[in-house]
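Reviewing the structure listed below.
The values are calculated or read from the model by the stated rules, or taken from the named source; none is laboratory data. Computed from a predicted model, the values in this text were never measured in an experiment. Quick reminder, even Gly has a Cβ in these numbers, built from the backbone with ideal geometry, and neighbours come from all protein chains shown.
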Amino acid sequence: MRFPRSSGILLHPTSLPGPFGCGDLGDVSRHFIEWLVVAGQKVWQILPLEPTGYGNSPYMALSAFAGNPLLISFEGLVAKGWLKQDDLKPVPAFEPRRVDYTKVIPYRMLALRRAAERFFELHRGPDEADFESFCHEHESWLEEFALFKALEDHHAGVEWTKWDADLAQRKTRSIESARKELSGEIRFWKFAQWQFYRQWADVKKYANDRGIKIIGDIPIFVAHHSADVWSHPEFFSLDKNGKPTFVAGVPPDYFSETGQRWGNPLYRWAKMEEDRFQWWVERFRRTFLLVDIARIDHFRGFVGYWEIPAKEKTAVRGRWVTGPKEKLFKAVQRKLGTLPIIAEDLGVITPEVTELRNQFEFPGMKVLQFAFAGSPDNPFLPHHFEQNSVVYTGTHDNDTTRGWFESATDREKTFVKKYCGGACQEVHFDLMRLASRSVADLAVFPFQDVLGLGTEARMNFPGKALGNWDWRFSWDQVGPEHALKMYEISALYGRVAPERLILPEYPQGRRRP
């Protein structure tokens, strides 16, 4: 599916400013949407919205269907009377440019529990009816997720294979007993999901009403410690004790000499096909309830995936195994129609991967940081682009553009300068101009590049398990010049609609929400 010529910003909501340790779905999100409008951007790309597990990675989520409760805004809860200002005190000394999850998680979850307790005490008619309606609408995944989280807390957070054996193996009598015993906890997790979905719907509408589309992210794999694997073990490669027999990853590549051993359990694709890929159909259905466009992470895995024996410590000793290919996407299209999807086709790409992407007219990805290590034949150089593609200066897995350039070889730096036709004193803007003037339908830039930040603002280091996903900015780093610069670039290269070619005034009064 082709997208209109436009550009946008990559920024996960946790990276937004705010007084409570991380960004959320309140006014800070709306203010960023206003910034996008002023900057002439048409797209806000985010990372997966699911509740994070090990290492706080959104790509190692506790559910493929639930939302991250850390993103729930307290403003709406206070407005409803479910939270009082005193409930939020004392506020820990949060870092303004870093998410300290060791402080953020206990603080935010305690406040959310207080809000839930007050909601269930008040029993207000319209809200209670809306809560019940939400629970009924999402029953297919919500019941299992809420029970999973309640059981996880009951077992002090250990992975589900170490729970009581009857619960780990989902014996009917034990499961029903747990539902009764943990009914209060189950009800809390349903409340949290209700608030996440309602708040995110408001944010998405706010964006859409202002001409901004949301690009979301579908990780191809799910975490082993997740409601999905626990509740549907038949769809995953597990042994009799529920532990993975093979895990996901990628072979040695640009990012790592030993490859990346992600550790996610692999799918039993034959079993999923027997079920007409219904789990995937519902996953896509849920995704497009939350976003306008979906980026499929590790798209090549649907053609062939790197199978690593679970006993291996690295990804070196793996093998390529054939995936479901077009059968999956045909099954999804039969149920949901043609969907706006971006295929993350980076890494070891074969003609089969390209053929599958082209068969469904999914735009692929181009990353400029990959363009300058070789020769003019490099497919990531803009003169090789096709229109039906999405170009990035870098992604969440890359260094910032400034950080990348500072650590580049002399040969790479010389290539960049010659290709850009200048001294590259502001290489982040030089690469944004390259991307914007290319034929690619969509150009997306990490917000770190807009601000010209260095390696200290990197979001993720592939292959590094801990210490990622914690970057965020503060509004004192953002001035009118950033929005105006982005607008000028977008207007110059035809990524802003003609009626918007008069530069708008930057909303000075809203600089620090």
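For segment 54-104, residues that are part of a helix (DSSP H, G or I) and of a type in the set (Asp, Glu) total 3. The set of residues from segment 355-378 being part of a loop (DSSP other than H, G, I, E, B) and either in contact with a strand residue (DSSP E or B) (Cβ under 8 Å, 6 or more places away or on another chain) or aliphatic (A, V, I, L, M) (or both) comprises Phe360, Phe362, Pro363, Ala371, Ala373.
For Leu167, the stated conditions do not hold, so it cannot be described as aliphatic (A, V, I, L, M), assigned to a helix (DSSP H, G or I) and within 26 Å of the chain's Cα centre (by Cα).
Among the residues that make up segment 105-121, is at least one of them outside any helix (DSSP H, G or I) and surrounded by fewer than 15 Cβ atoms within 10 Å (Cβ to Cβ)? Within segment 105-121 (the criterion being outside any helix (DSSP H, G or I) and surrounded by fewer than 15 Cβ atoms within 10 Å (Cβ to Cβ)), the answer is no, since none of the residues qualifies. For segment 475-499, the candidate set comprises residues that are touching a strand residue (DSSP E or B) at 6+ places or on another chain (Cβ under 9 Å) and modelled with pLDDT of 95 or more; within that set, the residue that is nearest to Gln448 (Cα to Cα) is Met486. Report whether or not Glu481 is surrounded by fewer than 19 Cβ atoms within 10 Å (Cβ to Cβ), under 27 Å from the mean Cα position of the chain (by Cα) and among the acidic types (Asp, Glu). No; evaluated as a whole, the condition is false for this residue.
Restricting segment 439-455 to residues that are touching a residue at least 60 places away in the same chain (Cβ under 8 Å) and in a loop (DSSP other than H, G, I, E, B) leaves a set whose member that is surrounded by the fewest Cβ atoms within 10 Å (Cβ to Cβ) is Asp441.
Residue pairs whose Cβ atoms lie under 7 Å apart, sitting 6 or more positions apart in sequence or on different chains, and linking a residue in segment 456-468 that is more than 14 Å from Pro58 (Cα to Cα) to a partner that is among the hydroxyl-bearing types (Ser, Thr, Tyr), are Ala457/Thr400; Arg458/Thr400; Gly463/Ser256. Given the criteria of a type outside the set (Val, Ile, Thr), in contact with a strand residue (DSSP E or B) (Cβ under 6 Å, 6 or more places away or on another chain) and either buried (at least 22 other Cβ atoms within 10 Å of the Cβ) or over 26 Å from Tyr54 (Cα atoms) (or both), does Ala343 qualify? Yes: the conditions hold for Ala343.
When we screen Tyr267, Tyr254 for residues that are of a type in the set (Phe, Trp, Tyr), buried (at least 21 other Cβ atoms within 10 Å of the Cβ), under 20 Å from Trp306 (Cβ atoms) and out of contact with any His (no Cβ under 9 Å at 6 or more places or on another chain), the only hit is Tyr267. Quick one: which residue in Lys205, Lys149 is loosely packed, with under 13 Cβ neighbours inside 10 Å and part of a helix (DSSP H, G or I)? Answer to the check: Lys205. Picking from residues in segment 379-410 that are crowded, with 18+ Cβ neighbours inside 10 Å and polar (S, T, N, Q), the one that is nearest to the chain's Cα centre (by Cα) is Thr395.
Remark: pairs (first residue in segment 279-299, in contact (Cβ under 8 Å) with a residue 24 or more places away in the chain; second residue of a type in the set (S, T, N, Q); Cβ separation under 9 Å; 6+ apart in sequence or on different chains) = Glu282/Ser140; Asp292/Asn208; Ile293/Gln45; Ala294/Thr287; Arg295/Gln45. Based on this model, can you work out whether Lys330 counts as closer than 20 Å to Ser237 by Cα, modelled with pLDDT of 95 or more and among the basic types (Lys, Arg)? The answer is no for Lys330.
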